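In what follows, a single structure is set out as structure tokens and then discussed.
The values are calculated or read from the model by the stated rules, or taken from the named source; none is laboratory data. Every value quoted in this text rests on a predicted model; they were computed, and no experiment measured them. Don't worry about glycine lacking a Cβ; one is built from the backbone with ideal geometry, like all the others, and counts go over all protein chains shown.
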Amino acid sequence: MKSILIVGGGWLGLPLGEDLSALGFSVTVTKTTQAGVESLPTSLNGLQLCLPNASCHVNLSSFDVIVVCIPPGLKKEPTGTRYIEKLKALYQRLLSQKTHLIFCNSTGIYEGIEGDCDEMTTLPCGSQKSSILYEAEQLTQAQNFLRLTILRLGGLVGADRVPGRFLAGKRALKGAAHPVNLVHQYDVIQAIIHCIQTELSGTFNLVSPLRCTRKLFYTKSAMLLQLEPPEFMMADTSLGRRVSGDRITMTGFNYTCCTFEQLMDFQQQ
């Protein structure tokens with residue numbers, strides 16, 4: 001079986017590693033501290049890696065597959081400088097590009113667009129966030145990996161990320177009619193596994209097929225949890241953007257969480 005390195009053993013990387021290990025892969029997960037490494041399940045190999053400045057005693061190029069799950073952290077650092085530095089430092093540690101690299105990006109790369117968008121949409125879209133995420137993709141593509149998969153993830157839900165809590169009780173919110181572009185953690189993990197098993201290359205959005213407005217989705221979500229629903233400004237008639245996640249379904253992948261109930265409640269059995 002293939003050896004897999006997951007860079008970023010957090011909300012997505014850790015459960016991904018556990019599922020890959022259960023399938024028989026040899027999985028190594030990075031954590032930024034030794035305490036984090038020691039906290040990993042025994043089924044996973046741990047590697048301390050605190051980018052951008054950390055040294056690394058392991059040849060990262062020895063892995064068959066590398067999955068990059070580094071959060072951009074643009075809310076804390078809107079300029080994205082540290083995020084780009086982390087990616088540059090990681091790629092400098094890859095002595096050879098003879099690997100399959102799977103890069104987890106965000107559909108925030110389409111920020112600034114109104115209407116429908118997909119993987120063929122012209123980028124960057126003008127906003128600071130779009131420009132940073134686009135730069136991250138360009139940097140990754142410039143490395144000339146043997147095989148490269150870019151996954152642009154929609155808004156992440158599942159596990160402890162419960163949509164009903166996101167906007168509960170808030171007032172005067174914009175974007176009542178905007179589409180939601182969400183994806184469940186389970187579907188992201190299954191998509192990454194699909195890319196590894198099929199050796200899939202290319203760029204793909206990961207967004208649930210659910211078609212629903214922000215007002216309807218977040219109001220219903222809050223009420224389901226018996227929380228105060230959000231209030232939207234109905235005078236805001238902007239359309240927002242609808243990101244298509246259909247392209248990856250043409251490769252044999254199927255979303256599991258496609259309805260409101262599944263996005264809210266789905267747990268792998």
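The figures follow:
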read-out: First in the range 228-253 and farther than 18 Å from residue 217 by Cβ, second anywhere and acidic (Asp, Glu) and surrounded by 14 or more Cβ atoms within 10 Å (Cβ to Cβ), Cβ under 8 Å, 6 or more apart; value: 246/118; 247/118; 247/119
read-out: Listing of helices (runs of 4 or more DSSP H) fully contained in the range 1-107 that carry 1 or more residues being of a type outside the set (Val, Ile, Thr) and touching a residue at least 60 places away in the same chain (Cβ under 8 Å); value: 13-22, 81-92
read-out: Of the criteria (1) touching a Phe, Trp or Tyr at 6+ places or on another chain (Cβ under 8 Å); (2) assigned to a loop (DSSP other than H, G, I, E, B); (3) within 28 Å of residue 176 (Cα to Cα); (4) of a type outside the set (Lys, Arg), which one residue 113 fails; value: (1)
read-out: Failed item in (1) within 28 Å of residue 176 (Cβ to Cβ); (2) buried (at least 21 other Cβ atoms within 10 Å of the Cβ); (3) in contact with a Phe, Trp or Tyr (Cβ under 7 Å, 6 or more places away or on another chain), with residue 124 passing the rest; value: (2)
read-out: Residue ID - nearest to residue 66 (Cα to Cα), chosen from residues in the range 113-170 that are without any contact (Cβ under 8 Å) to a residue 40 or more places away in the chain and of a type in the set (A, V, I, L, M, F, W, C); value: 142
read-out: Options 98, 75; residue that is surrounded by fewer than 19 Cβ atoms within 10 Å (Cβ to Cβ) and over 18 Å from residue 153 (Cα atoms); value: 98
read-out: Any hit, the range 8-19, residues being closer than 16 Å to residue 195 by Cα, of a type in the set (A, V, I, L, M) and modelled with pLDDT of 95 or more; value: yes
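For (1) within 25 Å of residue 4 (Cα to Cα); (2) surrounded by 19 or more Cβ atoms within 10 Å (Cβ to Cβ), each residue gets a yes or a no:
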residue	(1), (2)
204	yes, yes
209	no, no
232	no, yes
241	no, yes
248	yes, yes
253	yes, yes
